[in-house]
Number of protein chains: 2
Amino acid sequence: MTFRLIRPQSGILTKKHPLYIMKIRTIFFVSDRTAITAETLGNSLMTQFNGVERDRHVIPFVDTEARALALKKRINDSYTVNEGRPLVFSTFTDDSLREIVAESGCIFYDLFNDYISRMERDLRQESSHEMGKSHGVVDKNSYESRMRAVNYALVNDDGACLEHYQQADVILVGVSRTGKTPTSLFLALQYGVFVANFPITDSDLDNCSLPRAIKPYKKKLFGLTIGAEQLSRIREERRPGSPYASLRTCQREVSQVEELFQLENIPFLNVTAISIEEIAAQIRLTLGFD
Amino acid sequence: MTFRLIRPQSGILTKKHPLYIMKIRTIFFVSDRTAITAETLGNSLMTQFNGVERDRHVIPFVDTEARALALKKRINDSYTVNEGRPLVFSTFTDDSLREIVAESGCIFYDLFNDYISRMERDLRQESSHEMGKSHGVVDKNSYESRMRAVNYALVNDDGACLEHYQQADVILVGVSRTGKTPTSLFLALQYGVFVANFPITDSDLDNCSLPRAIKPYKKKLFGLTIGAEQLSRIREERRPGSPYASLRTCQREVSQVEELFQLENIPFLNVTAISIEEIAAQIRLTLGFD
């Protein structure tokens with residue numbers, strides 16, 4: 001890593017200067033493309049350092065010299081007498097643009113290039129040096145398939161359509177408001193998985209049996225469940241004071257649906273304390289889409 | 001980087017052995033959490049090396065010793081006489097689990113730890129060593145706000161509801177089938193941006209004026225447009241042979257809507273060759289959500 005010092009308005013900054021160890025910093029995620037990779041890894045890394053940042057900026061498409069110079073100035077300007085050196089997480093693929101930004105005097109983490117040179121040695125192959133294309137339309141078929149998956153998820157939301165279940169990769173099941181819709185959309189958008197979702201209703205619970213429409217597709221079913229208190233809180237937002245949202249109803253529904261999942265041998269996940277990303281990763285793992 | 005050699009069934013592998021430079025490899029993205037970061041950066045890096053991989057596997061939640069040992073075995077098994085050493089992109093935060101997997105004899109890229117130690121030096125602060133939480137529910141408010149944004153996008157899709165535009169961060173506008181819905185959902189899911197979308201219809205185009213419902217929110221508008229041929233192809237999938245899908249209709253609508261955007265000074269983007277991720281990054285940049 002290069003380890004340059006820049007001069008704030010107040011004078012020369014040396015390693016002994018108190019500002020040098022000042023913790024509050026501005027964070028930049030920068031790239032000549034979308035900066036999604038820089039943001040994803042940079043955010044991951046920052047979770048390990050509490051209390052460091054003042055604020056974060058994502059700066060994509062820095063793909064001309066003029067833009068790189070403007071970014072360099074902006075990074076320098078963010079470094080005032082009240083702050084430590086800004087942190088910059090970069091996935092620039094263009095060497096000359098990267099150089100301009102790296103010269104800003106920030107702490108520069110070159111997420112892309114650090115590995116590219118190691119991989120070139122390990123694989124004994126030169127990198128293609130093509131502009132970062134990881135979040136562009138690289139493979140037209142796979143991109144269009146993701147967009148089709150989004151349409152599929154929307155058409156097949158909440159049991160709206162029973163005709164297309166043969167196309168489904170997964171059918172999410174659960175009682176109302178357990179996160180089936182956002183999970184379906186996330187899996188579709190990120191991975192092009194065809195996800196339908198189907199609500200388990202009171203009459204299914206009372207009979208302790210699966211809805212008839214989804215019975216033939218048992219191998220595709222994945223259940224979502226959730227703590228009764230959180231479910232009640234979420235339902236209260238939608239229908240305040242209703243029996244539907246009452247803790248008692250939620251407790252009964254959750255306990256019955258978990259019993260149904262166990263009886264029918266359907267894999268399921270309690271989503272109370274976990275995110276869409278974690279749910280999606282768990283579904284991919286369980287159903288073998290690795 | 002550690003540079004270990006493993007022994008395939010056929011005998012000792014040395015640097016001179018032809019298999020050593022064999023290019024076809026299995027790629028693993030592994031983590032004790034979701035592996036999303038490993039997959040994102042790993043996929044980015046792999047775009048620079050064509051023809052290297054046989055297939056890719058994402059292995060999340062390797063959070064026990066038993067799972068780490070199983071993964072080590074799986075990585076070793078993937079390395080047969082017909083393949084080069086597998087590549088493993090890791091974001092393990094647990095040192096002992098990481099060690100087990102790294103010992104598999106793969107080429108191991110330690111995306112997380114490589115930077116953590118550098119950041120500890122640069123920031124003069126020890127990392128918190130907490131389990132990777134970048135894709136969990138770190139900040140409950142921000143997570144719930146993302147889920148609310150998804151609901152908002154669904155309720156306010158395709159001009160379905162005119163009451164909530166004051167809450168919108170962005171209102172996407174464009175003729176039918178220009179990618180408004182997937183873009184709205186992506187911005188909501190990834191960034192918690194409240195995005196409504198509104199269709200521009202024939203009568204708006206004939207009058208060359210914005211629909212009345214969105215006129216008061218002009219500063220929030222962002223236009224999507226697309227090449228007429230691609231639009232026609234997309235519409236054909238929905239209504240084959242219809243006037244709606246004909247190239248002539250599409251050419252007219254695209255040319256009229258671009259004229260309208262220019263007249264009304266609405267920022268817009270031609271999405272013909274770009275992805276949802278690129279559209280979202282451009283919208284965030286243009287409207288200043290950095």
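Readers should treat all values here as calculations from the given coordinates under stated rules, not as data from a laboratory. Quantities reported herein were computed from a predicted structural model and do not represent experimental measurements. Cβ placement follows ideal geometry from the backbone for every residue including glycine, while neighbour counts extend to all protein chains displayed.
Listed values, structure above:
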{"quantity": "Under-5 Å amide H pairs with residue A:35, H placed in peptide plane, nonlocal only", "calculated": "A:61"}
{"quantity": "Karplus (6.51, -1.76, 1.60) ³J(HN,Hα), θ = phi - 60°, over the stretch B:54-65, in Hz, Gly and Pro reported as x", "calculated": "8, 7, 10, 10, 9, 10, x, 6, 7, 10, 9, 4"}
{"quantity": "Kirkwood Rh in Å, taken over all unlike Cα pairs in the stretch B:140-286", "calculated": "15.5 Å"}
{"quantity": "Normalised contact order of the stretch A:140-286, rounded percent, pairs of Cα under 8 Å and 6 or more residues apart", "calculated": "25 percent"}
{"quantity": "Net charge, residue A:242 excluded, C-beta distance under 10 Å - Lys, Arg +1, Asp, Glu -1", "calculated": "+2"}
{"quantity": "Net charge of neighbours whose Cβ lies under 12 Å from the Cβ of residue B:159, counting Lys and Arg as +1 and Asp and Glu as -1", "calculated": "-2"}
{"quantity": "Under the Karplus curve 6.51 cos²θ - 1.76 cosθ + 1.60, θ = phi - 60°, whole-Hz ³J(HN,Hα) for the stretch B:194-208, x wherever Gly or Pro sits", "calculated": "7, 10, 9, 9, 9, x, 9, 9, 3, 6, 4, 5, 5, 7, 6"}
{"quantity": "For chain B, calculated [θ]222 nm from helices alone, where every DSSP H run of n ≥ 4 adds -39500 (n - 2.57)", "calculated": "-13000 deg cm²/dmol"}
{"quantity": "Under-5 Å amide H pairs with residue A:28, H placed in peptide plane, nonlocal only", "calculated": "A:57, A:87, A:88, A:89"}
{"quantity": "Coil-residue GluC sites (Glu not before Pro) of the stretch A:161-267, DSSP, other Cβ within 10 Å capped at 11", "calculated": "A:163"}
{"quantity": "Label 7 Å beyond Cα on the Cβ vector: residue A:70 copy-to-copy distances, nm", "calculated": "5.1"}
{"quantity": "Qualifying GluC sites (Glu not before Pro) in the stretch B:43-151, DSSP loop, other Cβ atoms within 10 Å at most 12", "calculated": "B:126, B:130"}
{"quantity": "The stretch A:62-218: relative contact order in percent, alpha carbon pairs under 8 Å with at least 6 residues between", "calculated": "17 percent"}
{"quantity": "Normalised contact order of chain B, rounded percent, pairs of Cα under 8 Å and 6 or more residues apart", "calculated": "13 percent"}
{"quantity": "Amide H contacts under 5 Å for residue A:53, placed H, 5+ residues apart", "calculated": "A:25"}
{"quantity": "When each of A:140/B:180; B:180/B:219; A:140/B:73 is checked by Cα-Cα distance, pairs over 26 Å", "calculated": "A:140/B:73"}
{"quantity": "Label spacing, shortest first and in nm, from residue A:218 to its equivalents in the remaining copies (7 angstrom along Cα→Cβ)", "calculated": "6.2"}
{"quantity": "Within-14-Å neighbourhood charge of residue A:209 [Cβ basis; K, R +1; D, E -1]", "calculated": "-2"}
{"quantity": "Karplus-derived HN-Hα couplings along the stretch A:85-92 (A = 6.51, B = -1.76, C = 1.60, θ = phi - 60°), whole Hz, x at Gly and Pro", "calculated": "5, x, 9, 10, 9, 10, 10, 4"}
